[in-house]
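What follows is a single structure, written as structure tokens, with notes after it.
Only the coordinates and a few stated rules stand behind these numbers; no lab work does. Given the structure is predicted, the values throughout are model-derived calculations rather than measurements. All Cβ positions, glycine included, derive from the backbone under ideal geometry; neighbour counts span all protein chains shown.
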Amino acid sequence: MEIKNANICHDYLNGVIEGQEVITSTKILKDARHFYECDDKKLSDDTVMYEVYMYSQGNSKQRGNLNWGLTVMKPVYVNGECNMTRGHFHEDLDCAEFYFGLGGEGLLLLMDDANHCWAEKVEVGSVHHIDGTIAHRLINTGNEEFKVGACWNTTAGHDYERIEDHPFTVRVYKKEGTIVTEER
């Protein structure tokens with residue numbers, strides 16, 4: 001019997017996924033300014049907001065195949081507003097997703113079809129099931145990197161346009177060291 005090495009390695013202690021087949025992307029402030037309520041001219045356009053690592057095997061159009069991912073969010077505040085991911089619904093509303101906390105602290109902001117928002121606290125060891133019909137966004141509320149792992153169906157897709165048309169109705173700020181949420 002032949003014994004092979006794994007194609008990738010998810011180093012949970014250092015919070016990265018490595019391997020030749022891992023796809024990485026970096027979101028910088030220049031491409032994320034529209035996420036925030038007010039621009040912050042003190043921050044450089046090339047400020048790294050978050051990095052995404054993704055690994056997938058098999059046919060991405062075959063239902064049942066899975067993606068394995070990691071988001072690493074920087075502790076950046078835009079005029080006091082906490083760093084956040086773009087957020088999305090799934091294109092295939094039948095596809096759920098799991099998030100799990102690996103480092104730092106933050107929130108998983110969720111929103112239903114009626115634009116009702118709520119959040120779950122994400123911390124090391126927490127596991128979060130996201131129904132396929134629910135929009136979701138990560139928010140770093142701490143002072144260190146916020147690392148969140150994910151597993152989702154390859155056919156789920158990302159519907160960003162729906163969020164642009166109907167944005168999340170809650171904003172999260174850090175004011176005098178305290179997390180404050182504001183509904184819009």
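Mark the label point 7 Å from the Cα of T47 along Cα→Cβ and return the residues of the stretch 66-85 whose backbone N is within less than 18 Å of it.
Counting backbone N atoms under 18 Å from the label point, the list is 72-85.
Please compute the contact order of the chain in relative form: average sequence separation of alpha-carbon pairs under 8 Å and at least six residues apart, divided by the residue count, as a percent. Please report the intermediate quantities before stating the final value.
Numbers: 427 pairs, mean separation 40.9, N = 184.
Here the relative contact order equals 22 percent.
Considering the convex hull of the alpha carbon atoms of the stretch 118-184, report its projected area averaged over all viewing directions, in nm², one decimal.
For the Cα atoms of the stretch 118-184, the hull's average projected area reads 5.8 nm².
Grab the Cα-Cα distance for H116 and H158, subtract it from 0.36 nm times how many residues apart they are, and report the gain in nm with one decimal.
Using 0.36 nm per residue and subtracting the Cα-Cα distance, I get 13.2 nm.
Evaluate the distance, in nm, between pseudo-label points positioned 7 Å from the Cα of M1 and of H34 along their respective Cα→Cβ axes.
Modelled inter-label distance: 5.3 nm.
From the helices alone, meaning DSSP H stretches of at least four residues, give me the mean residue ellipticity at 222 nm for the chain, per-run term -39500 (n - 2.57), in deg cm²/dmol to the nearest 500.
-500 deg cm²/dmol
Taking 18 Å as the cut-off for C-alpha to C-alpha distance, list the pairs among K41/K147; K42/K121; K74/K147; K30/K175; K4/K147 that go past it.
Beyond 18 Å between Cα atoms: K41/K147; K42/K121; K30/K175; K4/K147.
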